[in-house]
Amino acid sequence: MAIRQVRTIGDEILRKECKPVKEVTPRIRELIADMFETMYDTNGVGLAASQVGVLKQIVVIDVDDGNQYVLINPTILETEGSQTGYEGCLSVPGKTGIVTRPNWVKVRAYDEEMQPFELEGEELLARAVCHECDHLKGGLYVDLVEGELEDTDSLEDDEEE
Ligand code: ZN
């Protein structure tokens with residue numbers, strides 16, 4: 001495993017659409033392992049493959065609920081409610097901003113064996129799923145921020161996605 005370089009805002013790869021994964025090869029397994037290591041190294045709760053420069057539809061999430069979620073080719077099926085709160089991104093270091101997201105999501109994705117599954121999540125997990133799925137389409141939370149981006153120095157919350 002290795003820590004990969006996280007691309008930051010301004011890098012055009014973050015604005016490109018990721019392609020679906022057809023097969024989980026050893027290289028993709030290695031990528032997923034590296035994505036977790038990179039995410040933990042930077043205290044993130046989620047990471048999309050495009051953030052480490054790979055344009056594939058792969059997301060890893062760990063919101064400290066005891067699970068390590070790997071979502072391959074995810075599609076959000078349903079959303080419910082809304083939550084408004086601070087959000088950050090490893091690709092936008094040192095910044096945070098207020099974003100409104102669904103409070104509950106149901107997503108369909110494939111696991112590392114390319115078996116389909118559905119995941120339901122609320123609150124932080126719902127926020128992370130939406131944030132990471134946006135990355136796969138070239139979206140960044142800064143596109144959705146209500147008001148101005150703020151410096152994280154001014155806030156206690158250091159969780160970033
Ligand atoms: Zn992000």
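The values are calculated or read from the model by the stated rules, or taken from the named source; none is laboratory data. What you see is a predicted model; the values in this text were computed from it and never measured. Glycine gets a Cβ as well: all are built from the backbone with ideal geometry, and neighbour counts include every protein chain shown. Surface areas here come from the heavy atoms of the whole protein model, side chains and all, with no ligands, DNA or RNA. Shrake-Rupley method; radii C 1.70, N 1.55, O 1.52, S 1.80 Å.
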What fraction of the DSSP beta bridges in the chain is antiparallel, stated in percent and rounded to the nearest 5? 95
Using only C-alpha positions, report the orientation-averaged shadow area of the convex hull of the stretch 4-91, nm², one decimal. 6.8
Please give the charge dipole size of the chain, origin at the Cα centre, charges +1 on K and R Cβ atoms and -1 on D and E Cβ atoms. Round to the nearest 20 debye. 1020
Leaving out ligands, DNA and RNA, what percent of the accessible area of the chain is carbon and sulfur, probe 1.4 Å? 43
Inter-label distance for residue 100 and residue 3, nm, one decimal - labels placed 7 Å from Cα along Cα-to-Cβ: 3.8
Label-point separation in nm, residue 68 to residue 120, each point 7 Å along Cα→Cβ: 2.7
What residue among 120, 23, 146 shows peak mean-square fluctuation when the chain is described by a Gaussian network model with Cα springs under 10 Å? 23
Relative to the Cα centre, what is the charge dipole magnitude of the stretch 1-82, using +1 at the beta carbon of each Lys and Arg, -1 at the beta carbon of each Asp and Glu, and rounding to the nearest 20 debye? 480
Tell me, what is the FRET efficiency for residue 149 and residue 13 to the nearest 0.05, using R0 = 22 angstrom and their Cβ-Cβ distance as r? 0.60
Mind checking the log10 I(q)/I(0) for the chain at q = 0.17 Å⁻¹? Debye, one equal scatterer per Cα, no solvent, two decimals. -0.97
Solvent-accessible area per residue, Å², over the stretch 8-159 with all protein chains present [probe radius 1.4 Å]: 50
